[in-house]
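Presented below is the structure to which this report refers.
Computed from the coordinates by the stated procedures, all read-outs in this text should not be read as laboratory data. Being a predicted model, the structure only gives us computed values, none of them experimental. Glycine gets a Cβ as well: all are built from the backbone with ideal geometry, and neighbour counts include every protein chain shown.
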Amino acid sequence: MRLRTLALALLAAGALPAAPAEAVPADVPLVRMRDGHGSDLLFRLNPRTLQQVGRPIRTFRGGSDLRVSPDGGMLAFADPWQRGRRGARIHFVDLAGWRSTGVARVGRYGWLVLGWASEDRLVAVADDGPGRRHLIWVNAKSRKVLARRPFSGWLVDTVPVPGGLGVVVGPSEGAGPLRVLLADEHGGIRTIRVDGIRAGAEYADSSGPSGQVLTPAVTVDREAGRLYVVAARGLLVAEVELASGAVAYHALGASVSKGNVGVWWRDAVRAGDGRIAVTGDYWPAVRGSREPAGPVPVPFGLRMIDTSDWSIATLDARTDSMHVADGTVLASGTQYFRAGRRTESTGLLAFDDAGRRAYTRFRGRPVVLLGSRGSLGYVWIRRTRTAHVIDLGSGRTLNTIRTGQRVPFLLSPDP
């Protein structure tokens, strides 16, 4: 699961990236994480003003992942093992009661990615050294480790699925077919192979940098019991029926990019009514010493897949960031150039459920999408260093707060 470089934490039921608008329990607070000098601090926020409410809760400094349980009642925050400590830790916070419930120690793991298999069962994806991975089940109430299961592979993403957590992995080395590990709440694992979608890094030979790095996108339709994998390179979608394990492939067209070492990354979010919003970036190859600054990312744009006929439409070709909520798709992007040419930013773009442009805000400015709550959206404007509360329907700013030089640190909730 990808950790977003954002800053207000909208803690609502469920997996990152944020899903289309779903009901948020009324007692789930909007939360911001801030530097507390020695430990980080969690603050509750007023959703309309983003002002802090009540006392903070101290937690780990520089943790690796933060997730909220499906019912919105519990928060879990991971702290990987570091030399001199007894092991990696997971901090649990009761959101409704706004209190810390304790810390679970899970072992000496260099990194942890968290996901919830049920309302009180957490699954941690853990690294135990080169090529060694584990799934660790933790009871959130007792903070006891219930099960450990080894697996091999490179982690692509984790997504909540009906009855558990989907852990999507590629090969441990090189690029190859995907596997979906379905972890139930009791410690069981079922594996589905998705042979037609490739992930990972591969190189043609050892004489020089030649190959590709592929990170496909994953999203889930819980009601239909289907998981969708959007290929990182080319326009291909795998449709996985979770109950049976059946996999169907749908070609959306052809898209080929050239380069010695290319990096392709995709992000997908279910947008309702059988639609999937897709964005991402492509990093073309660096060729010799002529490009000392490294590759410049090329946005994939905001595309919408219609699963009724497996068509794909481009809503805007310049964007590489998106958030789907309350019938609106928010998007933004900044394109970088070489040879001293200035960057170009889209500002904030909004599209309605028919794919039409609803409004544009902050034209030409770099914008970071911070999430949403109901009819409210949250964005950060780099130039003015302010977070805006906007009305998702009109784009009108309802309130602003100054945040300082750095992007506020937001970890969006799981869908």
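Quick rundown of the values:
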quantity: J(HN,Hα) series, the range 86-96, from Karplus relation 6.51 cos²θ - 1.76 cosθ + 1.60, nearest Hz, glycine and proline x; calculated: 6, x, 5, 10, 10, 9, 10, 10, 7, 6, 5
quantity: Per-residue ³J(HN,Hα) for the range 67-81, Karplus 6.51 cos²θ - 1.76 cosθ + 1.60, θ = phi - 60°, Hz, x for Gly and Pro; calculated: 9, 10, 5, x, 8, x, x, 9, 10, 10, 10, 9, 9, x, 5
quantity: Convex hull volume of the range 115-172 per residue (C-alpha atoms, cubic angstrom); calculated: 68 Å³
quantity: Calculated FRET efficiency for the pair W310/S394, C-beta based, R₀ 51 Å, to 0.05; calculated: 0.95
quantity: R357-D326 pseudo-label distance in nm [points 7 Å out on the Cα-to-Cβ vector]; calculated: 2.3 nm
quantity: Separation of the F337 and R365 label points, Cα + 7 Å toward Cβ, nm; calculated: 2.3 nm
quantity: Where N is the number of residues in the range 101-222, Cα Rg divided by 2.2 N^0.38 Å; calculated: 1.14
quantity: Relative contact order (percent, whole number), the range 139-192, Cα cutoff 8 Å, 6+ residue spacing; calculated: 26 percent
quantity: R48/H250 FRET efficiency (R0 25 Å; Cβ-Cβ; nearest 0.05); calculated: 0.05
quantity: The range 308-415 - convex hull of the alpha-carbon atoms, volume per residue in Å³; calculated: 130 Å³
quantity: Label-point gap, in nm, between D94 and N139 - each point 7 angstrom along Cα→Cβ; calculated: 1.7 nm
quantity: Computed E for R385/T101 - FRET, C-beta separation, R0 45 angstrom, nearest 0.05; calculated: 0.80
